[in-house]
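Data block below; observations after.
The values are calculated or read from the model by the stated rules, or taken from the named source; none is laboratory data. This structure is a prediction, so every number in the text was calculated from the model and none was measured. Cβ: placed from backbone, ideal geometry, glycine included. Neighbour counts: every protein chain shown. Heads up: the accessible areas ignore ligands, DNA and RNA and are worked out on the full protein's heavy atoms, side chains in. Shrake-Rupley method; radii C 1.70, N 1.55, O 1.52, S 1.80 Å.
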Amino acid sequence: MAGRLTVCPTPIGNMGDVSPRVRQALADADVVACEDTRRAGRLYELLELETPRLISNHEGNEEDRAEQIAQAIERGARVALISDAGTPLLSDPGYRLMRACIERNLEIEVLPGPTAITTALVASGLPPGRWRFEGFLPRRAGELERVLQSTETVVAFESPRRLPASLRALAALAPDRPAAVCRELTKLH
């Protein structure tokens, strides 16, 4: 049996966002590499699926886990990679595992699904033709100025507690640049 890594986007808040393909990949997985095993277990409960072996794969252990998980795939394991919400690798762990699988020429499947990035871009009403994703906004003014030098629409994440200060900094650096704040993009409320 050939092993495989399947990158599975998970709901950002609305369980209705789980695609049939992601659901099937989660059901077929021997192992799930996840940021938080408790949240992954809860996802399996909500989807009414039998929970396979869960392996934590978060920012603090990703380098060591990538080797371990890639070796399991080489031995034939079907591994689903999930993050707590949204698409793995996009401001979430998974890059090192992806690279380890590519370097070993292992089978990889990336499934489409929920991501706050494109949802926010469309909901913002800002020009969508050319855009870039910044990840989380930098904290230092010099780095923030670099972001604002882009003529493209910039999509970035920010924590709720840092949002007021970040908006003040952005307004001070680029008072005429249009901006949008998008939140609760896929929640039911």
Listed residues L81, S91, L46: farthest to the positive end of the dipole of segment 45-98 (Cβ charges): L81
Efficiency of FRET between R99 and R130 - r from beta-carbon atoms, R0 22 angstrom, step 0.05: 0.20
Estimated inter-spin distance, E59 and R39, nm [label 7 Å along Cα→Cβ]: 1.2
Computed lengthening from E67 to S19, 0.36 nm per intervening residue step minus Cα-Cα distance: 14.4 nm
Segment 42-180 - charge dipole about Cα centre, Lys and Arg +1 at Cβ, Asp and Glu -1, debye rounded to 20: 460
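Quickly estimate the mean residue ellipticity at 222 nm for the chain, helices only: each DSSP H run with n ≥ 4 gives -39500 (n - 2.57), and the total goes over all residues, rounded to 500.
Numbers: 7 runs with 69 residues, N = 189.
Rounded to the nearest 500, it is -10500 deg cm²/dmol.
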Solvent exposure ordering (accessible area, 1.4 Å, most first) of V122, V147, V154, V181: V122, V181, V154, V147
The chain, relative contact order in percent, only Cα pairs under 8 angstrom and at least six apart counted: 27
Separation in nanometres of the label points that stand 7 Å from Cα toward Cβ, at A180 and I108: 3.1
Residue-normalised accessible area of segment 1-117, given per residue in Å² at a 1.4 Å probe: 50
Assigned charges on the beta-carbon of Lys, Arg, Asp, Glu; segment 22-100 dipole about Cα centre (debye): 140
Sulfur and carbon atoms: percent of accessible area, the chain [1.4 Å]: 49
